[in-house]
């Protein structure tokens with residue numbers, strides 16, 4: 001892990017994928033454009049067969065580039081489809097249940113909104129990462145809370161479990177979030193809807209992350 005920067009990009013799929021083959025090609029170009037740690041497959045309310053098809057197509061693309069595949073909200077499917085991990089929200093499966101379902105060898109990440117208390121509970125229970133947000137307005141999903149970047153700095157100083165920043169993160173504000181102390185920047189619309197395309201977005205995010213890390217010292 002020492003070869004990787006202290007803050008990395010964590011991609012989240014669009015809420016729906018109309019053409020899986022075309023998206024797979026787009027994903028491959030994006031992953032080839034710069035460092036990406038993980039892809040979260042987040043297809044809310046999609047039937048199992050749609051999620052299974054997405055995992056089948058996207059996992060080889062990710063694994064060929066050493067990118068982890070995380071499934072959103074569905075620990076049973078994550079285990080069945082041999083994903084690298086699962087991400088659960090506060091209103092979804094509990095951390096303990098998710099861990100029981102996916103086993104000890106897969107990652108479990110937990111949404112903690114703007115709460116250090118929830119994050120500490122998750123970290124102490126054994127979560128592989130905690131996610132804070134939203135930091136900025138987002139159109140990808142309804143964000144019940146707004147987090148201040150300071151929560152990342154405080155977390156970085158006091159805890160070893162990695163933290164993910166999520167919610168409205170774009171190329172324009174990535175530097176600030178990286179500087180504040182995020183270990184990962186979770187991005188969906190900021191990559192897939194970038195005016196110059198996803199590959200250009202990934203390259204630009206990596207440049208801004210590097211600048212933020214340089215300022216973090």
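Would you check if residue 174 is part of a helix (DSSP H, G or I) and in contact with a helix residue (DSSP H, G or I) (Cβ under 6 Å, 6 or more places away or on another chain)? Yes: the conditions hold for residue 174. Tell me which residues, restricted to segment 18-36, are surrounded by 13 or more Cβ atoms within 10 Å (Cβ to Cβ) and within 18 Å of residue 189 (Cβ to Cβ). Scanning segment 18-36 gives 23, 26, 27, 29, 30, 31, 33, 34, 36. Number of residues in segment 26-46 that are in contact (Cβ under 8 Å) with a residue 40 or more places away in the chain and farther than 18 Å from residue 85 by Cα: the value is 9.
Taking (1) more than 17 Å from residue 202 (Cβ to Cβ); (2) assigned to a loop (DSSP other than H, G, I, E, B); (3) modelled with pLDDT of 95 or more; (4) out of contact with any strand residue (DSSP E or B) (no Cβ under 9 Å at 6 or more places or on another chain) in turn, residue 14 satisfies each apart from (1). The residue that is nearest to the chain's Cα centre (by Cα), among those in segment 147-161 that are within 14 Å of residue 121 (Cα to Cα) and surrounded by 12 or more Cβ atoms within 10 Å (Cβ to Cβ), is 161.
Only a single item in (1) more than 23 Å from residue 29 (Cα to Cα); (2) out of contact with any strand residue (DSSP E or B) (no Cβ under 8 Å at 6 or more places or on another chain); (3) surrounded by 18 or more Cβ atoms within 10 Å (Cβ to Cβ) is not met by residue 127, and it is number (2).
Okay, residues lined up against (1) in contact (Cβ under 8 Å) with a residue 60 or more places away in the chain; (2) in contact with a strand residue (DSSP E or B) (Cβ under 6 Å, 6 or more places away or on another chain); (3) closer than 27 Å to residue 34 by Cβ:
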position: 104; (1), (2), (3): no, no, no
position: 113; (1), (2), (3): no, no, no
position: 119; (1), (2), (3): no, yes, no
position: 136; (1), (2), (3): no, no, yes
position: 154; (1), (2), (3): no, no, no
position: 157; (1), (2), (3): no, no, no
position: 162; (1), (2), (3): no, yes, yes
position: 196; (1), (2), (3): no, no, yes
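The values are calculated or read from the model by the stated rules, or taken from the named source; none is laboratory data. Given the structure is predicted, the values throughout are model-derived calculations rather than measurements. FYI the Cβ positions are ideal-geometry reconstructions off the backbone, even for glycines, and counts take in every protein chain you see.
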